[in-house]
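Accompanying notes for the structure given below.
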Amino acid sequence: MQGEDRTLPAALAAAHIEDFSDDHDGHDFQPYDEFMWSVETLEWWRSWTGNPTAGAAPFRVFGQDGSGGLAAFWIRVADAQIETQPIVFLGSEGELHVIARDLGDYLWLLANGVGPLETVDGIDRTTTPIPALTAIARRYTSETHRPTATVIDAAQAELQALTTLVDTTVR
C-alpha cells in the first residue's frame, strides 16, 4: 500500500530514542523507526497463524526481539486512537502476551526501568527508574507515576481477548 502512514506516535518515538532497549538486561528488543509496512504485517500474520486466508492483521508492529517475536499495538477497537490500544508481544514460537493496556502504560513501564519484553519473561531484578523516560511518561500522560505492578495487572486483563482473537484465526 503506497502512501501508507508508518509514522510512530510521538511519545513512542521519543521513548525509543532513549536507547533503553538494546540488550536491556538480557532482553534483546529492537525498536523500529517506523511501523512495519501493512503488507509485510499481513504476510507475517498469515504465516504466524498458519491461515493463508486470514484477513488484515489487527496489529501495528513497532519492534522485535532477537528471535523474531514482534511488539505491536493491537488494533482492538477499529476507530480508536492508536495510543489507546493495547500493546502486545507475539512470539516467534506462538507466545502471546499483553505488555501494556495502552501507550501511556507502556511509557510507565519504560520509565520504571522495565524493558518491554521483561513483562513476557518476568522481571527478575530490582528495577531502577530512568529519569529521561519518566519525563517522557509524565509529558504524554496525565500521571506523575504509575507502578509497574499496576501496569502489568491492567495488561493481563486484556489477555483473554487476545487469546480468543488468535484462537479464532489459527488454522
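Read the figures in this text as sums done on the coordinates, not as results from a lab. Being a predicted model, the structure only gives us computed values, none of them experimental. With ideal geometry, Cβ positions are generated from the backbone for all residues, glycine too; neighbour counts draw on all protein chains shown.
Can you pull out the GluC sites (Glu not before Pro) in the range 55-164 that DSSP calls coil and that have at most 16 other Cβ atoms within 10 Å?
In loop regions of the range 55-164 (DSSP not H, G, I, E or B), the sparsely surrounded GluC sites (Glu not before Pro) are GLU93, GLU95, GLU143.
If you add up the charges near ALA157, with Lys and Arg at +1 and Asp and Glu at -1, over every other residue whose beta carbon is less than 14 angstrom from its beta carbon, what do you get?
Numbers: positive: ARG76, ARG101; negative: ASP102, ASP105, ASP153, GLU158.
Once all neighbours under 14 Å are counted, the net charge is -2.
Please state the shape class of the range 58-145: rounded when a/c is under 1.5, otherwise prolate if a/b exceeds b/c and oblate if not, all from the C-alpha gyration tensor. All intermediate terms of the calculation are to be shown ahead of the outcome.
Details: a/c = 2.38, a/b = 1.15, b/c = 2.07.
Oblate is the answer for the range 58-145, as a/c is 1.5 or above yet b/c matches or exceeds a/b.
So how far, in whole Å, is the C-alpha centre of the range 122-148 from the one of the range 64-111?
17
In percent, how large is the relative contact order of the chain, given Cα pairs closer than 8 Å and 6 or more residues apart?
Reported as a whole number, the value is 20 percent.
Using a Gaussian network model of the chain with C-alpha springs under 10 Å, which one of HIS145, HIS97, HIS16 is most mobile by mean-square fluctuation?
Greatest mean-square fluctuation among the candidates belongs to HIS145.
Which order do the peptides 42-52, 102-112 come out in when sorted by mean C-beta neighbours inside 10 angstrom, highest first?
Output ranking for 42-52, 102-112: 102-112, 42-52.
With the crude spin-label approximation of a point 7 Å out along Cα→Cβ, what separation in nm comes out for ASP28 versus THR84?
3.8
Nearest 0.05, what FRET efficiency do GLN156 and GLU18 give at R0 = 25 Å with Cβ-Cβ as r?
The pair GLN156/GLU18 has a calculated efficiency of 0.45.
Just grab the label-to-label distance for THR163 and THR126, each label 7 Å out from Cα along the Cβ direction, in nm (one decimal).
That separation, rounded to one decimal, is 3.5 nm.
Please rank VAL77, VAL166, VAL61, VAL88, fewest neighbouring Cβ atoms within 10 Å first, as an exposure proxy.
VAL77, VAL166, VAL61, VAL88
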